[in-house]
1. Rounded to the nearest 20 Debye, what is the dipole magnitude of the range 1-79 about its Cα centre when Lys and Arg each give +1 and Asp and Glu each give -1 at the C-beta?
2. How far apart, in nm, are the 7 Å Cα→Cβ label points at Lys71 and Asn193?
3. When the Karplus curve 6.51 cos²θ - 1.76 cosθ + 1.60 is applied with θ = phi - 60°, which whole-Hz ³J(HN,Hα) does each residue of the range 128-136 get, with x for Gly and Pro?
4. Which percent of the accessible area of the range 94-202 is formed by carbon and sulfur heavy atoms (probe 1.4 angstrom)?
5. For the range 3-200, what does the relative contact order come out to in percent, with C-alpha contacts under 8 Å and a separation of six or more?
6. Hey, quick one: spin label on Asn19, modelled 7 Å out along Cα-Cβ, who in the range 145-175 has an amide N within reach, i.e. under 17 Å?
7. I'd like the Karplus ³J(HN,Hα) series for the range 32-49: coefficients 6.51, -1.76, 1.60, θ = phi - 60°, whole numbers in Hz, and an x wherever there's a Gly or Pro.
8. Quick one: what are the phi-derived ³J(HN,Hα) couplings along the range 11-28, Karplus 6.51/-1.76/1.60 with θ = phi - 60°, whole Hz, x for glycine and proline?
Amino acid sequence: MKIICIGRNYLDHAKELNNKVPDKPMFFLKPETSLLLKNRDFYYPEFSNEIHYETEIVIKINRLGKYIEEKFAHRYYSEIGLGIDFTARDLQKKCKEKGHPWEIAKAFEHSAPLSSVFINKKDLPENINFKLELNGKTVQNGNTADMIFSVDKIISYISQFFTLKIGDLIFTGTPAGVGEVHIGDNLKGYIENKLMFDFNVK
Ligand code: ZN
């Protein structure tokens, strides 16, 4: 199983980090060990002083596929979840400056909390609302209509490089409003009005 994360897929988020808007989907991988499931506590890692949350719609692949055409991409997923792409922003800044790979900033242990619940896309509107509450206050509010690259385009693009397998996860990028978490924080994520995850930072 692999976890593929899309970077800079929402205009307002690319702008808030002063990043260029990409002309192709930009992606990176996280290992299976980055998953944090069942609302377990996230333990703030010792190697960073600036962990950011990025709330993202997550797609679960349900068919094996390679070189998937965009018009057929919708057949390769039906379940939609919500996750966080935790990012050690301080380490990421250093990596970016030096042109080094990002893994230490993005792929560390438990950097990918994920909802245990997944919703069938048939039970969701075409454009999906999602949000993150930090200590009860909404800090991110997204709608998939604002994606620069649609899920179908992402699947088609990624499958030129990798075979997609059943159970692979795609984190589809974060909207604006990313920010720091601190020890003691509570994070709740919603798709439409359904609570998807609820966990604490320790
Ligand atoms: Zn992200």
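1. Details: 13 positive and 12 negative charges, 98 e Å.
Dipole of the range 1-79, to the nearest 20 debye: 480 debye.
2. 3.9 nm
3. Taking θ as phi minus 60°, the curve returns 9, 7, 8, 8, 10, 10, 10, 6, x Hz for the range 128-136.
4. Values: 2600 of 5260 Å².
Percent of accessible area from carbon and sulfur atoms in the range 94-202: 49.
5. Details: 448 pairs, mean separation 69.2, N = 198.
Dividing the mean separation by the residue count of the range 3-200 yields 35 percent.
6. Counting only backbone N, you get 146-151, 154-155, 158, 170-175.
7. Each residue of the range 32-49 in turn: 4, 5, 7, 5, 10, 10, 6, 6, 5, 5, 9, 8, 4, x, 6, 7, 9, 10 Hz.
8. Going residue by residue, I get 3, 5, 6, 4, 5, 5, 9, 6, 9, 5, 7, x, 9, 9, x, 10, 9, 8 Hz, with x marking Gly and Pro.
The values are calculated or read from the model by the stated rules, or taken from the named source; none is laboratory data. These numbers come from a predicted model, not from an experiment. Quick reminder, even Gly has a Cβ in these numbers, built from the backbone with ideal geometry, and neighbours come from all protein chains shown. SASA here: full protein model, heavy atoms, side chains in, ligands and nucleic acids out. Shrake-Rupley method; radii C 1.70, N 1.55, O 1.52, S 1.80 Å.
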